[in-house]
Amino acid sequence: MKFIWRIHGKEHDLTQRGLVMGIVNVTPDSFSDGGRYHDTGRAVEHALELATEGADILDIGGESTRPGAEPVSEADELKRVLPVIHAVRSQTQALISIDTMKASVARAALDAGADIINDVTGLRGDPMMSRVAAETDAGLVVMHMIGTPRTMQQQPQYADVVAEVCAYFEERLRVLEEQGIAPQRIVLDPGFGFGKTLEHNATLMQALPKLTVQERPVLVGVSRKSMIKQLLESEAVEDRDWPTVALTSHTRELGARIFRVHDVKPNAQALRMTEAILG
């Protein structure tokens, strides 16, 4: 099975070599880094550092999607992300992803030099997002989530979490293709921690090979998430970094191809070592 992701007309072959997506939170309320990169200059510096450490993609976001997060205005989100995207684009060839639920922010980010739209709502939250996607040739990350970031962890329930996530992916691919978006532009994100209990997350992790719907690459985003905290019974965020590295290696063995992480260097090293062993 070949895994091709088409971004701006260029085909990226992920069959043998996966991609590391480095997280750049330009927010004052990030759960994992405490808003350390809310300042534009520091955010740019951090993004370029992640690229040097091996990030293939820089995922820049100006609105927190942690459980219970409050929405931010379009103006505030644009003010946070656009200067960072402009500056980063001028200094690196790494792919740039805009992590947003707003179509207007996505369009402005693409105009500023971004390559990928990463929408936690799966292009459902803003009715104009699919039009923006159809009118461009950007890569797309379609994630599964129930509810909204504010409500998603309020007693999420599934009859069969694996079957329901797979059905959601099938539906999204079908609907988006009907709207003029080629499936080759899309990667799928099961949304670990987005409307899932620890048990749901573990079940999805075990069933990861089944989530490769229509030969679309799967993105895994578990970096520093509360599922690690729950399993380790530790409140320290720094205790979640090495377990994240372990999960990068493990999920690559299970078939994932894109890995969204905070700590790029050790995850990139683990990914390359795992791929070398896999041949």
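Filtered by the rule that a residue be surrounded by fewer than 16 Cβ atoms within 10 Å (Cβ to Cβ), assigned to a helix (DSSP H, G or I) and not aliphatic (A, V, I, L, M), region 227-249 gives 230, 238, 239, 242.
The residues in region 214-240 that are acidic (Asp, Glu) and at positive phi can be counted, and the count is 2. Taking the criterion of being charged (D, E, K, R) and over 20 Å from residue 19 (Cβ atoms), the residues of region 80-127 that qualify are 80, 102, 107, 111, 124, 126.
Taking residues in region 6-18 that are more than 16 Å from residue 212 (Cα to Cα), and partners anywhere that are modelled with pLDDT of 95 or more and among the β-branched types (Val, Ile, Thr), the pairs with Cβ atoms closer than 8 Å and at least 6 places apart or on different chains are 7/116; 11/4; 12/4. Of the residues examined, residue 131 is not one that is part of a loop (DSSP other than H, G, I, E, B) and either modelled with pLDDT of 95 or more or of a type in the set (D, E, K, R) (or both). Only a single item in (1) under 30 Å from residue 49 (Cβ atoms); (2) touching a helix residue (DSSP H, G or I) at 6+ places or on another chain (Cβ under 6 Å); (3) at pLDDT 95 or above is not met by residue 180, and it is number (1). For residue 41, the conditions (1) modelled with pLDDT under 95; (2) under 21 Å from residue 65 (Cα atoms) are fulfilled apart from (2). With respect to the conditions (1) aromatic (Phe, Trp, Tyr); (2) part of a loop (DSSP other than H, G, I, E, B); (3) under 22 Å from residue 11 (Cβ atoms), residue 169 falls short on a single one, namely (2).
Note on region 155-174: among residues that are free of Cβ contacts under 8 Å to residues at least 40 places away in the same chain and aliphatic (A, V, I, L, M), the one that is farthest from residue 5 (Cα to Cα) is 159. Scanning region 176-208 for residues that are on the phi < 0 side of the Ramachandran plot and in contact with a strand residue (DSSP E or B) (Cβ under 6 Å, 6 or more places away or on another chain) turns up 184, 185, 186, 187, 188, 189. Among the residues of region 72-127, write down those that are among the small types (Gly, Ala, Ser), under 22 Å from residue 185 (Cα atoms) and part of a loop (DSSP other than H, G, I, E, B). Result: 94, 113, 114, 122, 125. Report whether or not residue 55 is assigned to a loop (DSSP other than H, G, I, E, B) and at pLDDT 95 or above. Considered against the rule, which asks whether it is assigned to a loop (DSSP other than H, G, I, E, B) and at pLDDT 95 or above, residue 55 comes out as yes.
Okay, residues lined up against (1) farther than 23 Å from residue 59 by Cα; (2) under 19 Å from the mean Cα position of the chain (by Cα); (3) surrounded by fewer than 23 Cβ atoms within 10 Å (Cβ to Cβ):
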position	(1), (2), (3)
163	yes, no, yes
180	yes, no, yes
183	no, yes, yes
194	no, yes, no
256	no, yes, no
262	no, yes, yes
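Does at least one position in region 202-221 carry a residue that is within 18 Å of the chain's Cα centre (by Cα), over 26 Å from residue 7 (Cα atoms) and either modelled with pLDDT of 95 or more or part of a helix (DSSP H, G or I) (or both)? Within region 202-221 (the criterion being within 18 Å of the chain's Cα centre (by Cα), over 26 Å from residue 7 (Cα atoms) and either modelled with pLDDT of 95 or more or part of a helix (DSSP H, G or I) (or both)), the answer is yes, since at least one residue qualifies.
Within region 1-25, being at pLDDT below 95, more than 28 Å from residue 65 (Cα to Cα) and surrounded by 11 or more Cβ atoms within 10 Å (Cβ to Cβ) holds for no residue.
The values are calculated or read from the model by the stated rules, or taken from the named source; none is laboratory data. Source: prediction; values computed, not measured. No Cβ is skipped: glycine too gets one built from the backbone with ideal geometry, and neighbour counts run over all protein chains shown.
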